[in-house]
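Here the structure is laid out as structure tokens; the discussion comes afterwards.
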Amino acid sequence: MSRYIVMSLVLIVGLGIGSFVPAVTSWWYDINHADITSNPFNAESISTKEAKATYHFAIKQGVLSVIEGTPGASGRVLVTGLDVQAWPKEMADIAPKVEFYSLDEVQSFIDTVNEPLWRE
């Protein structure tokens, strides 16, 4: 066989494998994950999703507690025991009125209040 025929056969086999393997992989993935497909704009799926948790502060006798739920509502106490007597009065007054949508926001608020800039 000539060199060109061998190179042509190798090229054809390589292209065949190169197109066959991704097609089989895609097919195999679709079989195993067929139930996961959903329409993100479906109104039913949006209404049935769980509501995201919200958090707020409660301050009693200078001790801060992080509570799950909206401000004014009683909920599960997540963290308690942070002394807020060194906080500026304005920040201590506003803290129980603020609603947070993640624990990262709660931590960010606490970190912001504890910065030395506020204590001057």
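Give the range 81-120 a look and list any residue that's of a type in the set (F, W, Y) and within 17 Å of A58 (Cβ to Cβ), or say none. Hits for the range 81-120 are W87, F100, F109. Checking each residue in the range 55-76 for being of a type in the set (A, V, I, L, M) and within 22 Å of the chain's Cα centre (by Cα) picks out V66, I67.
Looking only at residues of the range 77-108 that are in a strand (DSSP E or B) and surrounded by 12 or more Cβ atoms within 10 Å (Cβ to Cβ), we find that the one that is farthest from the chain's Cα centre (by Cα) is L82. Quick one: would you say V13 is of a type in the set (A, V, I, L, M, F, W, C) and either in contact with a helix residue (DSSP H, G or I) (Cβ under 6 Å, 6 or more places away or on another chain) or modelled with pLDDT under 85 (or both)? For V13, the condition - of a type in the set (A, V, I, L, M, F, W, C) and either in contact with a helix residue (DSSP H, G or I) (Cβ under 6 Å, 6 or more places away or on another chain) or modelled with pLDDT under 85 (or both) - is not met. Among the candidates S74, S38, S65, S47, the residue that is surrounded by fewer than 10 Cβ atoms within 10 Å (Cβ to Cβ) and either part of a helix (DSSP H, G or I) or modelled with pLDDT of 85 or more (or both) is uniquely S47.
The values are calculated or read from the model by the stated rules, or taken from the named source; none is laboratory data. Just so it is clear, the structure is predicted and the values come from calculations on it, not from any experiment. Backbone-built Cβ (ideal geometry, glycine too); neighbour counts: all protein chains shown.
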